[in-house]
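Enquirer: My questions will all concern the structure given below.
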Amino acid sequence: MQQLLVALAANLELAAGSIDGDLVATKNLLAEIGDDARQALEETRELAHRIYPPLLEGRGLVAALRSAAASADVPTRIDVAPGTTCPPEIAGAVYFCCLDVLERAAAGAPVTISVRGEEGAVAFDVVAECDVDAERSPLRDRVEALGGRVTIRPRSGRQISVAGSLPLSR
């Protein structure tokens, strides 16, 4: 993002300096600046969604997970038990853990996500074919920061299972 904005600023200076010169070159440069500005807007939108997706707050965990699965372009089965509700910070942690796995999933390999309420907690499982470094995973940090636990286990082949549980109260 920073590189795009620096390039925009530099190109604007070039355009300002060439305004009295070659009008065709200036028009072309302004068209390029417009393209760069649109790209910067798109990357800013993506960054904002990575911080906290509005769909998660507006329509809930299921809708946000479906959208993330569609964006990752991997076949995904999402099963959220009826009546499973949780505070925004817990929903966010579950969402971002699932998103991390979806983004690392092998192209075309199916992913299964399940979320359910347990006594005083929300539990989730994600099964996918992907590479996740269990020791340095941000998944672990995200869940443990909220008093939860996460287990990352290999399954058959390259499949892994990410299982987590987050307490509803601390």
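Enquirer: Conditions: (1) in the same structural domain as Val127 (by TED's automatic domain parsing); (2) without any contact (Cβ under 8 Å) to a residue 12 or more places away in the chain. Asp22 meets all but one. Number of the miss?
Expert: (1)
Let's see how each residue does on (1) over 13 Å from Ala91 (Cα atoms); (2) of a type in the set (Gly, Ala, Ser):
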position: Ala31; (1), (2): yes, yes
position: Asp36; (1), (2): yes, no
position: Glu42; (1), (2): yes, no
position: Pro53; (1), (2): no, no
position: Glu57; (1), (2): no, no
position: Val62; (1), (2): no, no
position: Ala72; (1), (2): yes, yes
position: Asp79; (1), (2): yes, no
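Enquirer: So which residues in the range 65-109 are in contact with a Gly (Cβ under 8 Å, 6 or more places away or on another chain) and farther than 20 Å from Ile51 by Cβ?
Expert: Hits for the range 65-109 are Val74, Pro75, Ala81, Gly83, Thr84, Thr85.
Enquirer: Across the range 24-59, which residue is farthest from Ile113 (Cα to Cα) among those that are surrounded by fewer than 16 Cβ atoms within 10 Å (Cβ to Cβ) and of a type in the set (Gly, Ala, Ser)?
Expert: Selected residue: Ala25.
Enquirer: Ok, one more. Can you find, within the range 68-117, the residue that is farthest from Arg149 (Cα to Cα) among those that are surrounded by fewer than 16 Cβ atoms within 10 Å (Cβ to Cβ) and in contact with a helix residue (DSSP H, G or I) (Cβ under 7 Å, 6 or more places away or on another chain)?
Expert: Checking each candidate, the answer is Glu103.
Enquirer: Now for a separate question. Could you check the range 147-161 and list, in sequence order, the residues that are surrounded by 15 or more Cβ atoms within 10 Å (Cβ to Cβ) and assigned to a loop (DSSP other than H, G, I, E, B)?
Expert: Residue satisfying the conditions is Gly148 alone.
Enquirer: Could you tell me which of the residues Leu8, Leu14 is surrounded by 12 or more Cβ atoms within 10 Å (Cβ to Cβ) and either under 30 Å from Cys97 (Cβ atoms) or over 32 Å from the mean Cα position of the chain (by Cα) (or both)?
Expert: None of the others qualify; the one that does is Leu14.
The values are calculated or read from the model by the stated rules, or taken from the named source; none is laboratory data. Quantities reported herein were computed from a predicted structural model and do not represent experimental measurements. Ideal geometry is used to build each Cβ from the backbone, glycine not excepted, and the neighbour counts take in all protein chains shown.
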